[in-house]
Each structure stands twice: as structure tokens, then as C-alpha cells.
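To keep things clear, I will list the structure first and then write my remarks on it.
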Amino acid sequence: MTTIDTSAPGERAARLNMAQFLSRYGTFAAFILLLLFNLIVTPNFLSWQTLNVNLTQVATIVIVAVGMTLVIATGGIDLSVGSLMAIAGTAAPMIFMGKLLPIENMGILIILSFILPVLLVMAFGWFNGMLVTRFSIQPIIATLVLFIAGRGIAQVATNGNLQVFKNPEFQFIAMGRIAGIPAQVIIMIIVAVLAHCLIRYTVIGRQIIAVGGNEKAARLTGIPVRRVKTFVYIVSGALAGIAGLIVVARNSASDANLVGLGMELDAIAAVAVGGSLLSGGRANIIGTVLGAFVIQLVRYTLLANGVPDAAALIVKAGLIIIAVFIQQRAKG
């Protein structure tokens with residue numbers, strides 16, 4: 001049954017303008033409100049320890065969510081990012097502990113432990129892209145394959161056992177500091193800036209938006225749609241791999257059962273809250289970063305004020321619903 005809007009044109013225009021305003025500035029407003037609330041209510045919110053906790057917790061969400069933004073901008077989705085984090089996080093300690101390669105030079109092993117896991121999950125990202133582009137499998141189904149099998153691969157590789165390690169050189173990406181700033185935060189900033197520049201100032205960035213906006217039209221204008229789609233899944237895999245390395249370095253252990261668990265949901269939530277259209281055709285990297293910070297601040301605010309962590313999941317779901325509702329209203 002079709003609902004007929006009987007309101008006056010002026011009222012409809014006012015609602016549309018409000019929805020567009022919220023779509024553009026709502027995430028920033030939510031971020032500011034959360035900051036103000038915590039400044040007033042949460043003890044020691046301005047302490048360096050609190051800032052450090054929130055920055056290091058949000059870094060991996062931002063890194064993965066940036067890759068997710070690129071995928072969603074093409075009209076796709078990547079459910080495999082959490083499992084790819086687990087694969088990369090499993091492979092890295094196995095490499096530098098000498099379990100996979102017959103190399104004794106620790107310096108070489110450390111370098112390879114950064115490079116090879118990321119290349120491995122990039123290959124899995126390519127696999128996702130091939131399923132979507134060559135076999136025309138819906139992205140949610142194509143990436144569901146590695147969502148399930150990817151974590152299984154990581155668990156089989158370690159027999160489901162925890163890999164405990166302590167290597168300062170490897171752990172620098174999570175525990176180290178450059179000019180007093182945590183290394184993982186610097187990585188987060190670099191990833192976000194590069195992705196923003198990619199979307200705003202490069203040909204491939206414009207092609208990504210065009211493919212998500214109207215794939216048939218993009219193909220008719222000569223854009224290599226398959227190549228563009230495969231590219232974003234490879235990038236998403238690479239960023240998931242980097243995030244996986246950071247997580248295991250931060251924990252001084254690799255647990256295939258837990259690394260990246262639920263990260264795909266946090267990444268999608270950050271994209272939705274950040275204002276990028278889940279149907280594709282728009283990529284707001286700055287919005288995604290703000291969305292990730294909003295999600296992290298919601299979780300921190302609830303925990304700091306005695307609310308169980310499970311409640312954050314409910315709030316997160318509510319934020320997604322609100323974001324999608326505003327997006328629909330903003331499109332008119």
C-alpha cells in the first residue's frame with residue numbers, strides 16, 4: 001500500500017532540508033555532544049590516559065572502516081574483514097618466530113612478518129573481488145565465504161591455540177610512539193588522509209564513485225568496472241591485514257578465535273554513521289573517521305558510567321538505523 005504525503009510543499013521542503021542538514025553535519029554534532037557529555041559527567045575524561053585509550057581503540061576501527069568505505073562506495077560490502085584480520089594476525093607471529101620460513105636472520109623475519117601477511121590478505125581481497133566481478137555473486141554472499149572460512153583458516157593454522165610472543169621490533173606498530181604519538185594512531189591518520197586524497201583528487205577515486213552511483217552508466221562511459229571493484233576489495237583486505245597486525249602487536253598474543261571478531265560490524269556502522277550511502281555512490285572518508293570516533297565514544301561513555309558493554313551493541317544498532325533513516329529522508 002502506497003503512503004501519500006498530504007503535507008504542504010513547504011513542510012516537505014523543510015523536512016528535506018533538515019534531513020540533508022543532519023546527513024551532512026549530524027555525525028559531527030553527535031561527536032561534539034558526546035565530548036560535552038563526558039566533559040561534564042565522566043571523571044578524568046581529559047586525562048592523557050583516557051585520550052590514549054580511546055585513540056588506540058579507535059585506530060583499528062578507522063583503518064578497517066576506510067577500506068569498507070571504498071567497497072561500499074562501489075555498491076558492495078565486505079563481511080570478511082574481521083576474518084582477514086585474524087589471518088594476518090596469525091601469519092605474522094608464525095613468520096617472525098621462524099615457524100613458516102627457514103630463515104634465521106631476525107631482522108629479515110621481522111620485515112617479512114609485516115609484508116607477507118598483508119600480501120596474503122590482499123590476495124584474499126582479490127578473491128572476493130573475483131567472486132563479485134567474474135562470477136556475479138552478490139557481495140554480501142561472496143564475502144560471507146571468507147567471513148566463515150577465513151577464521152577457520154586462521155584457527156586451523158594454529159590448531160586454535162593462543163600464540164604468545166614478545167618482540168619489541170614487531171610490537172612497535174602498536175606499542176611504539178613517534179614524537180609522543182602512538183604509532184598506530186599515525187598509521188590511522190596516514191590511511192585516512194591517503195584514502196581522502198584518493199577519492200577527492202584521483203581518477204580511480206572518481207571511478208569508484210561513478211561505479212557505485214550507476215554501474216551501467218559507468219560501464220558505458222568506458223570505466224573498467226571490474227577492475228575498480230576488484231581494486232577496492234584488495235585495498236579493504238590490505239587495510240584489514242594492517243589492523244590485524246596492530247591488534248596482535250598490542251595484545252602481545254595472537255588468538256585466531258578473537259582477533260577481528262565483530263570488526264566488520266564496527267566498520268559498517270562507522271561508514272553508515274559517517275554519512276556514506278550504504279547503497280553506493282558516495283564516500284565520505286572524514287565522515288567515516290568521525291563515525292568511528294562516535295562509536296568508540298559511545299562505548300567508552302557507557303562503560304565509564306557503569307553501563308554493561310552489551311548495551312553498546314544496542315546503541316550501535318540504533319545509530320545505524322537512525323543514520324540509514326536520515327539518508328533515506330535526505331534523498332527525498
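Read the figures in this text as sums done on the coordinates, not as results from a lab. Predicted model, so just to flag it, every value in this text is computed and none were measured. Using ideal geometry, Cβ is built from the backbone for each residue, glycine included, and neighbour counts are taken over all protein chains shown.
Applied to the stretch 250-267, the Karplus parametrisation 6.51 cos²θ - 1.76 cosθ + 1.60 on θ = phi - 60° returns per-residue 3J(HN,Hα) values of 5, 8, 6, 6, 10, 10, 4, 7, 10, 4, x, 5, x, 5, 4, 6, 4, 5 Hz, with x for Gly and Pro. Structure remark: mean-square fluctuation, Gaussian network model of the chain, C-alpha springs under 10 Å; the largest value among Ser136, Ser276, Ser47 belongs to Ser47. PRE reach from Met175 (point 7 Å along Cα→Cβ): which of the stretch 45-89 fall under 13 Å by backbone N? From the stretch 45-89, the list is empty. Note that the stretch 275-282 has calculated 3J(HN,Hα) couplings of x, 6, 6, 5, 8, x, x, 8 Hz, one per residue in order, obtained from phi through the Karplus relation 6.51 cos²θ - 1.76 cosθ + 1.60 (θ = phi - 60°); glycine and proline are x. Size check on the chain: the Cα extents along the three principal axes, sorted descending, read 76, 56, 37 Å.
What area, in nm² and to one decimal, does the C-alpha convex hull of the stretch 130-276 cast on average over all directions?
On the way: hull surface 42.8 nm².
So the mean shadow area of the Cα hull is 10.7 nm².
Under the classification rounded if a/c is under 1.5, otherwise prolate if a/b is larger than b/c and oblate if not, where does the stretch 58-154 fall, given a ≥ b ≥ c as square roots of the Cα gyration tensor eigenvalues?
In terms of gyration-tensor shape, prolate.
Using C-alpha pairs under 8 Å with a sequence gap of at least 6, the mean separation divided by the residue count of the stretch 40-154 gives a relative contact order of 34 percent.
For Met122, Met68, Met130, what ranking results if the residue with the fewest other Cβ atoms within 10 Å of its Cβ goes first? Could you put the intermediate results ahead of the total?
Working: Met122 21, Met68 31, Met130 16.
If I rank by nearby Cβ atoms, fewest first, I get Met130, Met122, Met68.
The slack between Arg226 and Ile103, meaning 0.36 nm per residue of separation minus the straight C-alpha distance, is 40.4 nm. With each label modelled as a point 7 angstrom along the Cα→C-beta vector, the Ile137-Ile32 pair spans 4.6 nm. In the elastic network of the chain, a GNM with C-alpha springs shorter than 10 Å, the most mobile of Leu70, Leu220, Leu198 is Leu220.
When the charge dipole of the chain is built from unit charges on Cβ atoms (+1 for Lys and Arg, -1 for Asp and Glu) and taken about the Cα centre, the candidate among Phe135, Ile63, Ala240 whose Cα reaches farthest toward its positive end is Phe135.
Report summary: the helix-based calculation at 222 nm, which adds -39500 (n - 2.57) for every DSSP H run with n ≥ 4 and divides by the residues of the chain, gives -25500 deg cm²/dmol. The residue among Ala195, Ala218, Ile87 whose Cα reaches farthest toward the positive pole of the charge dipole of the chain, with charges on the beta-carbon of Lys, Arg, Asp and Glu, is Ala218.
Scanning residues 5 or more positions from Ala253 or on other chains, those with amide H under 5 Å from its amide H are Phe165, with H placed 1.01 Å from N in the peptide plane.
GNM on the chain, alpha-carbon springs under 10 angstrom: the most fluctuating residue among Arg134, Arg200, Arg282 is Arg134.
Where nothing but the Cβ of Lys and Arg (+1) and of Asp and Glu (-1) is charged, how large is the charge dipole of the stretch 16-172 around its Cα centre, in debye to the nearest 20? Don't jump to the answer; show the numbers that get you there.
Values: 5 positive and 3 negative charges, 37 e Å.
Charge dipole, the stretch 16-172, about its Cα centre: 180 debye, nearest 20.
Each residue of the stretch 283-292 is assigned a 3J(HN,Hα), and the resulting list reads 9, 10, 5, 4, x, 4, 4, 4, x, 5 Hz, derived from the Karplus form 6.51 cos²θ - 1.76 cosθ + 1.60 (θ = phi - 60°), x at Gly and Pro. Remark on Phe45: its backbone amide H falls under 5 Å from none of the residues 5 or more positions apart or on other chains, H modelled at 1.01 Å from N. Thinking of the stretch 233-332 as a set of Cα atoms, what percent of all their pairs are more than 20 Å apart? In whole percent, the long-distance tail amounts to 47. Near the amide H of Gly176, within less than 5 Å, lie the amide hydrogens of Ala183, all on another chain or at least 5 residues away, with H placed in the peptide plane. Placing a label point 7 Å from the Cα of Ile314 along the Cα-to-Cβ line, the residues of the stretch 278-308 whose backbone N sits under 15 Å from it are 299, 302-303, 306-308.
Output the relative contact order of the chain, whole-number percent, from Cα pairs under 8 angstrom with separation of 6+ residues. It would help to have the intermediate numbers written out before the result.
Working: 536 pairs, mean separation 112.4, N = 332.
So the answer I get is 34 percent.
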